[in-house]
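Taking it in order: structure first as structure tokens, then the write-up.
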Amino acid sequence: MEFIESWAEIGLLYLNNTRHFINDQCSGREAWEIILATVLLINICHWLYQQVFLHELSVFERMKLSFFKILRRLPVIGRKIQEELEKTKSAITKDMFPLPQGDIYNTHLPEQGIPKDELLNLVTTKYKSMEKIDWQGGRLSGAVYNCGAEHESLMERIYGIFVGDNLLHPDVFPGTRKMEAEVVAMCCNFFHGGPEACGTMTSGGTESILMACKAYREHAYKRGIKYPEILAPCSGHAAFAKAAKYFKMRYVETPIDPTTKLINIPAMKRKISKNTCMLVVSAPSFPYGVVEQVEEVGKLGKHYNIPVHVDACMGGFIIPFAKRAGINLPPMDFRVEGVTSISADAHKYGLAPKGNSIVVYKNPEYRMGQFYINTDWCGGIYASPAVGGTRSGAVIATCWATMMYVGADGYQENAVKIIKTREYVEDCVRNIPGLTVQGKPDVNILSISSDTFDIYRLGAALTNKGWHMFTVQYPAGVNFCVTKMHTLPGVAEGFVKDLEECTADIMKDPNAKADGIAAIYGMAESIPDRSMVAEFVQGYLEAYYSTKL
């Protein structure tokens with residue numbers, strides 16, 4: 001007790017000395033000087049706090065950007081860098097969007113409309129024939145998840161029936177309104193949501209993620225958080241960083257284990273702050289195909305009273321049905337304490353046509369933050385559940401029809417086949433000299449890497465054999481995302497055969513440098529100035545819309 005009292009006395013002594021010091025500094029000064037100095041000091045401290053703790057980029061990242069900006073302004077170095085940038089952007093344009101010889105872009109409306117038969121012929125013989133990847137034969141990683149000709153024919157008929165429906169006016173189109181409500185309810189059911197579980201449909205996984213982030217931003221505002229932060233693993237989908245950019249939130253990344261590719265939970269816990277408005281976990285992660293630790297992140301969310309979003313865009317229509325079939329997969333739905341929302345893409349493994357995704361919440365309180373309501377517009381009261389105002393009832397109808405047509409048994413059969421196919425390909429890859437698999441995939445995706453050669457050379461070699469692969473970075477890899485088409489007889493075996501042949505050919509000279517688009521990928525990963533990489537991508541996006549030959 002005496003020890004505590006002595007420390008208290010020392011503390012009071014220091015406070016008294018500080019008081020005398022401040023009084024001495026203010027002695028002889030006018031009141032306006034003291035007030036002005038105080039205001040300036042407060043503003044400087046506030047500015048420093050914002051720059052250090054609330055800026056979307058860390059101090060180190062901003063210093064790095066400033067350094068490279070100065071470097072690029074130097075006469076000789078800057079000119080050389082710009083020349084290489086233009087050369088690379090030109091190569092991207094040439095390689096990514098070539099036109100058939102003699103073809104040109106239409107840049108003006110025809111004076112008179114093209115007759116129906118002539119238009120259909122133009123579409124099939126000219127535009128559709130430009131496709132070079134046999135995606136219907138399963139030579140595409142992910143991207144298309146269709147059910148085959150019979151299903152496509154049914155979807156065409158369903159779309160035609162509802163082609164005029166606009167869900168901006170649900171009172172006019174009650175049938176498609178009912179369909180959307182039923183799609184959401186069915187998803188809440190197989191994610192084991194309680195009686196209050198709810199949600200909406202969106203145009204895709206990115207919009208579903210954006211809506212969850214917007215909902216949690218509004219929830220944070222209500223709790224008095226002025227500068228909401230999204231806390232996500234570095235393996236989280238880029239849409240979370242996009243949401244932070246759109247909604248003026250701060251995006252905070254937490255590392256993953258370099259071997260398992262799972263979230264570093266202690267690191268995530270350390271990064272939780274008073275501004276954290278949501279925690280993110282993937283089931284599975286897109287880069288590595290591992291189902292991250294939903295239970296552990298859920299515990300963090302419950303302990304700190306922070307909402308937890310499960311990004312199941314890739315696995316939402318596989319994991320629940322694989323578990324139904326008895327396959328042992330980590331938990332990821334509303335039965336996990338702490339989980340408050342889930343996103344799932346119906347237009348991926350839900351097998352619906354493109355433009356269909358779902359975001360579901362544990363209760364309406366969270367979903368309310370997603371809605372936009374304007375009661376003061378002169379055009380009347382305006383409200384929309386997600387980003388879009390006008391929404392195609394035909395797209396929603398095809399989603400509903402797909403789910404009713406496939407059914408739980410159909411999704412279960414599809415899930416089992418996809419997981420078994422991924423396991424087969426993974427086992428083969430692990431036995432190919434020169435190749436490695438990143439982490440331990442759980443569901444539908446595996447990331448193929450190499451410690452021996454530039455893996456982007458493999459991606460280019462597979463492209464030459466007619467395959468189209470995703471690429472990942474940090475570390476470099478090519479992704480194989482298994483779809484229903486890969487479960488057809490001979491498709492996975494054909495991929496493995498080409499993979500073995502391409503790898504064996506590369507291994508003859510593993511140190512050879514990549515060329516073409518493979519070299520650009522490798523260069524992009526190694527460049528420390530990410531603003532230069534952004535310019536490459538900007539060139540790609542500009543080329544996408546360019547009509548210049």
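Values quoted throughout were computed directly from the atomic coordinates according to the rules given, and no laboratory measurement underlies them. This one's a predicted model, so the numbers in the text were calculated from it and none came from an experiment. Methodologically, a virtual Cβ is constructed for each residue, glycine included, from the backbone with ideal geometry; neighbour enumeration extends over all protein chains shown.
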Fill in the blank from the handout: Options (1) 1.15; (2) 0.96; (3) 1.01 are given for Cα Rg over 2.2 N^0.38 Å, and the computed one is (1)
Handout entry: More than 15 angstrom apart: percent of Cα pairs within the range 357-401
Key = 59
Fill in the blank from the handout: For residue 472, other-chain or 5+-apart residues with amide H closer than 5 Å (H placed, Pro excluded) are 477, 478, 479
Completion exercise
From the cross-link list 222/269; 323/417; 214/248, the entries with a Cα-Cα span beyond 18 Å are 222/269
Practice task
Please figure out what share of the DSSP beta bridges in the chain is antiparallel and state it in percent, rounded to the nearest 5.
Solution key: 60
Handout entry: Computed [θ] at 222 nm, helices only, for the chain once each DSSP H run of length n ≥ 4 contributes -39500 (n - 2.57)
Key = -16000 deg cm²/dmol
Handout entry: Under 20 Å from the Cα of residue 87 - aspartates and glutamates, other chains or at least 8 residues apart
Key = 95, 515, 525, 529, 535, 542
Exercise for the section: Sort 306-313, 364-371 for me by packing, meaning the mean count of neighbouring Cβ atoms within 10 Å per residue, highest on top. Expected result: 306-313, 364-371
Exercise for the section: Just name one of 361, 26, 334: the one whose Cα is farthest towards the positive end of the charge dipole of the chain (beta-carbon charges, Lys/Arg +1, Asp/Glu -1). Expected result: 26
Practice task
Just order 329-341, 136-148 by mean Cβ neighbour count inside 10 Å, highest at the front, would you?
Solution key: 329-341, 136-148
Handout entry: Rounded to whole Hz, the Karplus (6.51, -1.76, 1.60) HN-Hα couplings of the range 107-115, x for glycine and proline
Key = 10, 10, 4, x, 4, 10, x, 7, x
Practice task
Calculate one ³J(HN,Hα) per residue across the range 183-192 by plugging θ = phi - 60° into the Karplus curve 6.51 cos²θ - 1.76 cosθ + 1.60, and present them in order as whole Hz with x for glycine and proline.
Solution key: 4, 4, 4, 5, 5, 4, 5, 7, 8, 6
Practice task
Could you please state, rounded to a whole Å, how far the C-alpha centre of the range 132-185 is from the C-alpha centre of the range 209-272?
Solution key: 31
Handout entry: the chain: relative contact order in percent, alpha carbon pairs under 8 Å with at least 6 residues between
Key = 18
Handout entry: Rounded to whole Hz, the Karplus (6.51, -1.76, 1.60) HN-Hα couplings of the range 483-490, x for glycine and proline
Key = 10, 4, 5, 6, 8, 5, x, x
Problem - Relative packing of 187-197, 154-164, which averages over residues the other C-beta atoms within 10 Å, highest first - result: 187-197, 154-164
Exercise for the section: Using the number of other C-beta atoms within 10 angstrom as an exposure proxy, rank 361, 227, 411 with the fewest first. Expected result: 227, 411, 361
Fill in the blank from the handout: The answer for residue 282, listing residues at least 5 apart or on another chain whose modeled amide H is closer than 5 Å to its amide H, is 292, 311
Problem - Average projection area in nm² (convex hull over Cα atoms of the range 190-311, one quarter of hull surface) - result: 7.7
Completion exercise
So for the range 275-387, using the alpha carbon gyration tensor with a ≥ b ≥ c as root eigenvalues (a/c under 1.5 gives rounded; past that, a/b versus b/c decides prolate or oblate), I'd call it oblate
Problem - Dipole magnitude of the range 375-527, debye to nearest 20 (Cβ charges: Lys/Arg +1, Asp/Glu -1, about Cα centre) - result: 240
